[in-house]
Amino acid sequence: MKVIEANKLPGLAAALAGAGYRVVAPIRDGGEVRMVVWSPGAAIDTRAIPVNSAKDFLFPKAEIIGRCTLDGNDFRPEDVKPVAPKTVILAARPCDASAMLLLDAVFNWDYKDEFFNARRAATTIVSLVCTTADEQCFCTSVGGAPDATAGADGVLRQADGGRSFILEPLTEKGKAVAAAAGAALAEGQAKADAPVEVPVHFDAKAVTEWLGENFESPLWREVSLACLSCGACAYACPTCHCFDLQDEATRAESVRLRNWDTCGLALFTAHAGGHNPRPDQAARWRQRVMHKFSYLVERLGRLGCTGCGRCARLCPAGMAICETCREIDEARKAAVK
Amino acid sequence: MTQIDVDLVKGAAAPSPYVPRMARILDATQMTETERFFRLQMEDGPLEYEPGQFVSVTVFGLGEAPISICSSPTQGEVFELTVRSVGLVTNALKQFKKGDRLGVRGPFGNHFDYDVMKGQDIIFVAGGLGLAPTRSLIRYVLDKRKDYGKVTILVGAREPKWLLFRDEVQEWAKRGDADVRVTVDRADASWKGNVGVITKLFGKIEIDPAKTWAAIVGPPVMFKFTVLEALAEGIPEHRIICSLERNMKCGVGKCGHCQIRGVYVCRDGPVFTYEQVKRLREGI
């Protein structure tokens, strides 16, 4: 098996960068660990859960999807090709890796989104078996697991009590990364550490069923009272994919940007004429929960939540989608009695 | 090759739906204080569309706005838009005149199913700006008049000065093969026609519910009351059709803005039957 000592992970990153990969990894910067592009000297931290998700590198915060040159009154729209560097995402959490399968489905039902697909094709995901979790983690409630490999091209398993890692390629892309690592990986033996245990908090199937019949429930107002409508939950979410199109112009050209957007913001559904079909925060929080646990299941056969818990870690108002789902599950049980 | 690789190859060959094509304005007239009418032609070949579809209009440097096509493909290679000035882009469009160029993406969405209505009666009920999308189907049906049964057109506006396509509606009335009635909520001194909400016109017309389709497009309050009227006449829910308005951005069912429950209005709509709309809840 391919083995690497834990303190030599930067060497693996350096070898892959040397082989032409843009290497993304969980990097510690002060008190925070974030998924960012690795550069020499950066500290890879596989213990803490990164603040952001790996989604950022397939579906960036802002990207140019159109361009138009302005020459006096003459406009010339120009085709823009996706920017898709060869990338490896090292030590992505299983909840981030499995989110790719949902994003694949969203960006490829009907129109095939060339920008997402170009980056997806150029990206190799090496996930990490979780040996750490916190009280916000709930992957096991939504069909995931700390050692799940869905969406991953390869997997890193912590071994020998944290002294080393085993890298196991799962796809052709994963094998290419293992080969590119060269001498950074050694042939050897190691004993994989046990994955962390994540308790199940609710029954996702039951939540989906309840949502189908409770669009008008008073629960929506109760659970959304604290929401500040800041959108942090969506921006940290590995599956949230709603976007806005904005044109930004200088005198010489106008670029069309695709920017992250979210149903949590009041303007998301507001018409230019003033009417807003989703008039209050209760309706918006309902949309967020319904989209993830009902509409996506109905349309694409997948939950729009992988249980990563990032939304709850970031929420300034202490809201948590896991908590809402648990309340729904309890409301359902109470109704059955 | 994985599915993603296959899709990537396919995607590379297809024109991007995000890149606007250029259209030239053949004619632009201010219909009311806030509504401007445009006749357009694509520069790189005709726009192939169906009645009920919409386009995204780009004012370069400012942005895009989704606009219903108000003409019918039976009118030839040009297409027409009626734009209400309410936002950044639509207000900028007020300055656009004959000879100017705009970006156009689309057409997007489903369309009015004129084939299933063949041989049947149709009642059109259009309130305010709702006449714009409705006109695409009215023009289609009038151009293929012998394919359809009795045609009734009810048009409503708040006041006479807000009536759209006034001359054209009079021409429809003069044809003699359509029952055309116009009403305003509030009359002025010059108004000689009907006064009152559009539902009042139902008392003046004959409907055979066994073979009638109702196309109802207008502001939410008008839609709600007109649907009740149509149901009371015995028209079944699946033969009441409408076109929904939403804040639409991408046009291809991805960006999420126009989502109502599990439905993307830009892709699965904007045309729905009442049978579908009543389940959408946030729909109207």
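At-a-glance table
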quantity	calculated
Among residues of segment A:198-235, those that are under 24 Å from B:Arg279 (Cβ atoms), among the hydrophobic types (A, V, I, L, M, F, W, C) and not in a helix (DSSP H, G or I), counted	1
Filter result for the condition that a residue is within 14 Å of chain B (Cβ to nearest Cβ) and more than 17 Å from A:Gly174 (Cα to Cα), over A:Pro77, A:Pro50, A:Pro40	A:Pro77
Matching residues, segment B:252-271, being facing chain A (nearest Cβ under 8 Å), out of contact with any helix residue (DSSP H, G or I) (no Cβ under 8 Å at 6 or more places or on another chain) and assigned to a loop (DSSP other than H, G, I, E, B)	B:Cys255
Check on B:Val125, in a strand (DSSP E or B), over 27 Å from A:Asp74 (Cα atoms) and either in contact with a helix residue (DSSP H, G or I) (Cβ under 6 Å, 6 or more places away or on another chain) or facing chain A (nearest Cβ under 10 Å) (or both)	yes
Residue among A:Phe138, A:Phe115 that is of a type outside the set (D, E, K, R), touching a His at 6+ places or on another chain (Cβ under 6 Å), touching a residue at least 60 places away in the same chain (Cβ under 8 Å) and buried (at least 22 other Cβ atoms within 10 Å of the Cβ)	A:Phe138
From the options A:Ala62, A:Ala92, A:Ala84, residue that is without any contact (Cβ under 8 Å) to a residue 60 or more places away in the chain and of a type in the set (A, V, I, L, M)	A:Ala84
Single match in A:Thr269, A:Thr262, A:Thr239 (criterion: touching a Gly at 6+ places or on another chain (Cβ under 7 Å) and at the interface with chain B (Cβ under 10 Å from one of its Cβ atoms))	A:Thr262
Flag if B:Leu154 is in contact with a Lys or Arg (Cβ under 7 Å, 6 or more places away or on another chain), in the same structural domain as B:Val184 (by TED's automatic domain parsing) and buried (at least 20 other Cβ atoms within 10 Å of the Cβ)	yes
Filtered residue count, segment A:18-35, keeping only those that are more than 23 Å from A:Pro146 (Cβ to Cβ) and either out of contact with any Pro (no Cβ under 8 Å at 6 or more places or on another chain) or buried (at least 19 other Cβ atoms within 10 Å of the Cβ) (or both)	8
Residue in segment B:208-217 that is among the aliphatic types (A, V, I, L, M), more than 14 Å from chain A (Cβ to nearest Cβ), over 20 Å from the mean Cα position of the chain (by Cα) and assigned to a loop (DSSP other than H, G, I, E, B) present	no
Selection count where residues are buried (at least 21 other Cβ atoms within 10 Å of the Cβ) and more than 23 Å from the chain's Cα centre (by Cα), scope segment A:263-276	1
Selected residue (only one of A:Phe57, A:Phe138, A:Phe107 is of a type in the set (Phe, Trp, Tyr), farther than 29 Å from A:Ala14 by Cβ and away from every other protein chain (no Cβ under 14 Å))	A:Phe138
Candidate set: segment B:33-62, residues that are within 10 Å of chain A (Cβ to nearest Cβ) and touching a Gly at 6+ places or on another chain (Cβ under 9 Å); chosen: the one modelled with the highest pLDDT	B:Ser56
Condition broken by B:Gly109, with the remaining ones in (1) touching a Phe, Trp or Tyr at 6+ places or on another chain (Cβ under 9 Å); (2) away from chain A (no Cβ under 14 Å); (3) crowded, with 24+ Cβ neighbours inside 10 Å; (4) of a type outside the set (Val, Ile, Thr) satisfied	(2)
Selected residue [modelled with pLDDT of 95 or more and among the charged types (D, E, K, R)] from A:Asp261, A:Asp280	A:Asp261
Residue count for segment B:160-190, restricted to those that are of a type in the set (A, V, I, L, M) and under 24 Å from B:Tyr148 (Cβ atoms)	6
B:Arg246 being on the phi < 0 side of the Ramachandran plot, over 18 Å from the mean Cα position of the chain (by Cα), surrounded by fewer than 24 Cβ atoms within 10 Å (Cβ to Cβ) and part of a loop (DSSP other than H, G, I, E, B)	no
Any hit, segment A:85-104, residues being at the interface with chain B (Cβ under 9 Å from one of its Cβ atoms), closer than 30 Å to A:Ala312 by Cβ, under 14 Å from the mean Cα position of the chain (by Cα) and at pLDDT 95 or above	yes
Tally of residues being under 30 Å from A:Cys139 (Cβ atoms) and among the β-branched types (Val, Ile, Thr) across segment A:41-95	7
Qualifying position, being surrounded by fewer than 20 Cβ atoms within 10 Å (Cβ to Cβ) and under 17 Å from the mean Cα position of the chain (by Cα), among A:Gly143, A:Gly162	A:Gly143
Filter result (modelled with pLDDT under 85, within 7 Å of chain A (Cβ to nearest Cβ) and in a loop (DSSP other than H, G, I, E, B)) within segment B:6-18	B:Ser16
Meets criteria (of a type in the set (Gly, Ala, Ser) and in contact with a helix residue (DSSP H, G or I) (Cβ under 9 Å, 6 or more places away or on another chain)) for B:Gly99	no
Evaluation of A:Thr69 against (1) within 9 Å of another protein chain (Cβ to nearest Cβ); (2) outside any loop (DSSP other than H, G, I, E, B); (3) more than 18 Å from the chain's Cα centre (by Cα) (one fails), failing number	(1)
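A quick yes/no check of all residues on (1) surrounded by fewer than 20 Cβ atoms within 10 Å (Cβ to Cβ); (2) within 14 Å of chain B (Cβ to nearest Cβ); (3) at pLDDT 95 or above:
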residue	(1), (2), (3)
A:Lys292	no, yes, yes
A:Val297	no, yes, yes
A:Cys305	no, no, yes
A:Ala335	yes, no, no
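This table checks each residue for (1) assigned by TED's automatic domain parsing to the domain that holds B:Trp172; (2) in contact (Cβ under 8 Å) with a residue 24 or more places away in the chain; (3) crowded, with 21+ Cβ neighbours inside 10 Å; (4) among the small types (Gly, Ala, Ser).
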position	(1), (2), (3), (4)
B:Leu40	no, yes, yes, no
B:Ser56	no, yes, yes, yes
B:Val78	no, yes, no, no
B:Leu102	no, yes, yes, no
B:Asp113	no, yes, no, no
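The values are calculated or read from the model by the stated rules, or taken from the named source; none is laboratory data. The structure displayed is predicted, hence computed values, not measured ones. We place every Cβ from the backbone using ideal geometry, glycine too, and count neighbours over all the protein chains shown.
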